[in-house]
Amino acid sequence: EGTTTYQARLAHLQIDADYEVQAYAINNIGETRSEPYHFHTDKAIIVTTGGMLGEAIGDENTYNFNSLSIAGPLNGTDIGYLRDMMGKDRENNDTPGRLSVLDLRDANIVAGGQSYDGSRYTTDRTISKGMFAQCQYLQQLLLPDGIQTIEEGAFEGCTMLSRLRLPSDLTHFQPSAGCDNLREVEVPASCMRFCTIDGVLYDKSQTALMWYPEGKDDNEFTVPDGVRTIGNYAFRYADIRQIDLPASINSLGQRAFCGSKLEHVVLPNGISILPYGCFQQCRQLKSVALGHETNYLSSYCFDGCPDLRDLYVYATDFAPYCQEAAFTGAESLLSEGTLHVPTDCLTLYRNHKEWGQFTTIIEDAEK
C-alpha cells in the first residue's frame, strides 16, 4: 500500500521532440504497465558547466543539427565544438557540420577550456577575434545579452550570415569582413551604447557610425547630419558607389573605406587626418578631394586603387605631412594621375619630398 518513487535518466533524447514513456514491472505473478507519460523536450541545450556542451549533445549527434539554442556557460572547448558543428574544426578544416541557426541569448561566454581555433582562447563576456570566422553555413546568430565586447574579425568570412543580433550589454564593438550577405544589424532597444538606423550600426548618441553592413545593396548612402566619427573598418567592402558625408564629421577610423566600391569621395573640411589604409583596395575609386583642414596622411591611404586619377588638396600655407608609406601601393596615381593644388602653390608641392613624386601637378583646386 505504500508508494515508492523511482527515477530514471533517459539518454539520447533529441531537442524539440515529443516522447512517450511508461513504467513497466514484472514478477512471478504477472506484469503491469503505468499510464503513458507524454513530454516534449526543450528547444535549448542546457549546460551548467563550461566545457560540457559536447557531452550534453553527444558525439553521435554532433552533425545532426541545423538549428540550436543553448543556455549556460560556454568556454573555449564549447566554442570549438560549436565551430565543428558549423563546418569548421579548430584547425579551420572543413567538417560535415551544417549548423546554420544558433541562438545564444541565454548563454554566456566564459574564460577557460581549450583553444577554439588552434591559437585563441575565450575571455569572459567577449566575442573574440575569429570566434565564428569562416563558418560559411552560419545564417542566423543571436548573441548572449551579457557580452560586452565584440572584437574585429569575430565573424570574418561568414558569407551566409544574414541575421546578426548584438547583445544588450555591448559596450565595445569592431566590425568583421566577409559578411557579404548581411544587410542589417539588430540591436535590442535595451542596449545603452548602440542603436541601428535602417540596419546601420551607430553609437546610442548617433554621433559615431560603427558598421555599414557589407550586404546592403544601396548604390548611394548619406551619412546622417550630426555624425562626427566614422569608425574603424566601418565601410569596409561596402557595396556603395557614392557617399555623402556631412560637415559634422571630423574623424575617420583606420581602413574606414577599405575595399569599398566608392568612385568619388569629397571629405568634409573638418577632417585633419587621413588614417591608415583609409581607401586601401578601393579598386573603383577615381577621385578624392581632401578636406581643407587635412594636414596628415597616414601609410597606405591609396594602396591598391588602380583607377584613382585625381587627388585634390587645398592646403596653402604648407603641404600636408605624409608618412613615408603614404603613397606606397599608389604608384599609378603618382605616375598617371593628377595632383590638384590651390593657385600659387605649385612650387610648394613640386618641391615637397612626398608630394613632388606626382608627375602631373596643376593649380586648379579652389582655396
Legend entry - Listed residues GLY30, GLY72, GLY80, most fluctuating in the chain (Gaussian network, C-alpha, under 10 Å): GLY30
Inset, instruction - Please work out the C-alpha center-to-center distance from region 315-367 to region 67-93 and express it in whole Å. - result: 51
Inset, instruction - Answer rounded, prolate or oblate for region 107-226, using the Cα gyration tensor with square roots of eigenvalues a ≥ b ≥ c: rounded when a/c is under 1.5, else prolate when a/b is larger than b/c, else oblate. - result: oblate
Legend entry - Three-way shape call for region 38-141 based on the alpha-carbon gyration tensor, with the a/c threshold at 1.5: oblate
Legend entry - Part-to-part distance (alpha-carbon centres) for region 246-304 and region 159-218, which is given in Å: 22
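How many percent of DSSP beta bridges within the chain run antiparallel, rounded to 5?
25
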Inset, instruction - Please name whichever of ASN269, LEU346, TYR81 sits farthest to the positive end of the charge dipole of the chain, dipole taken about the Cα centre and charges placed at Cβ: Lys and Arg +1, Asp and Glu -1. - result: LEU346
Inset, instruction - Sticking with the crude label model, points 7 Å out along Cα→Cβ, report the distance from ARG309 to ARG163 in nm, one decimal please. - result: 4.7
Inset, instruction - Enter the accessible area of ASP344 (Å², nearest 10), with the probe set to 1.4 Å and all protein chains included. - result: 130
Inset, instruction - For the chain, with a Gaussian network of springs between Cα atoms less than 10 Å apart, report the residue from GLN323, GLN254, GLN281 with the top mean-square fluctuation. - result: GLN323
Inset, instruction - On a 0 to 90° scale, report how tilted helix 76-85 is relative to the longest principal axis of the chain, with both axes built from alpha carbons and the result rounded to the nearest 10. - result: 90
Legend entry - Dipole magnitude of region 204-271, debye to nearest 20 (Cβ charges: Lys/Arg +1, Asp/Glu -1, about Cα centre): 300
Inset, instruction - Would you list, by chain and number, the aspartates and glutamates whose Cα falls below 15 Å from the Cα of LYS261, excluding same-chain residues fewer than 8 positions away? - result: ASP180, GLU214, ASP217, ASP218, GLU220, ASP239, ASP244, ASP303, ASP307
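Where a ≥ b ≥ c are the square roots of the eigenvalues of the C-alpha gyration tensor, would you call region 179-266 rounded, which needs a/c under 1.5, or, failing that, prolate if a/b is larger than b/c, or oblate?
oblate
Please give the charge dipole size of the chain, origin at the Cα centre, charges +1 on K and R Cβ atoms and -1 on D and E Cβ atoms. Round to the nearest 20 debye.
Result for the chain is approximately 420 debye, rounded to the nearest 20.
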Inset, instruction - List, in the order given, every pair from LYS216/LYS353; LYS216/LYS286; LYS286/LYS353; LYS129/LYS286; LYS88/LYS286 whose Cα-Cα distance in the structure shown is over 30 Å. - result: LYS216/LYS353; LYS129/LYS286; LYS88/LYS286
Inset, instruction - Based on the mean of other Cβ atoms within 10 Å per residue, sort peptides 99-105, 168-174 so the most packed one is first. - result: 99-105, 168-174
Inset, instruction - Please report, as a whole percent, how much of the solvent-accessible surface of the chain comes from carbon and sulfur atoms (probe radius 1.4 Å). - result: 44
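The values are calculated or read from the model by the stated rules, or taken from the named source; none is laboratory data. Model, not experiment: these values are computed from the prediction. Positions of Cβ are generated from backbone atoms using ideal geometry, with glycine treated the same way; all protein chains shown enter the neighbour counts. Heads up: the accessible areas ignore ligands, DNA and RNA and are worked out on the full protein's heavy atoms, side chains in. Shrake-Rupley method; radii C 1.70, N 1.55, O 1.52, S 1.80 Å.
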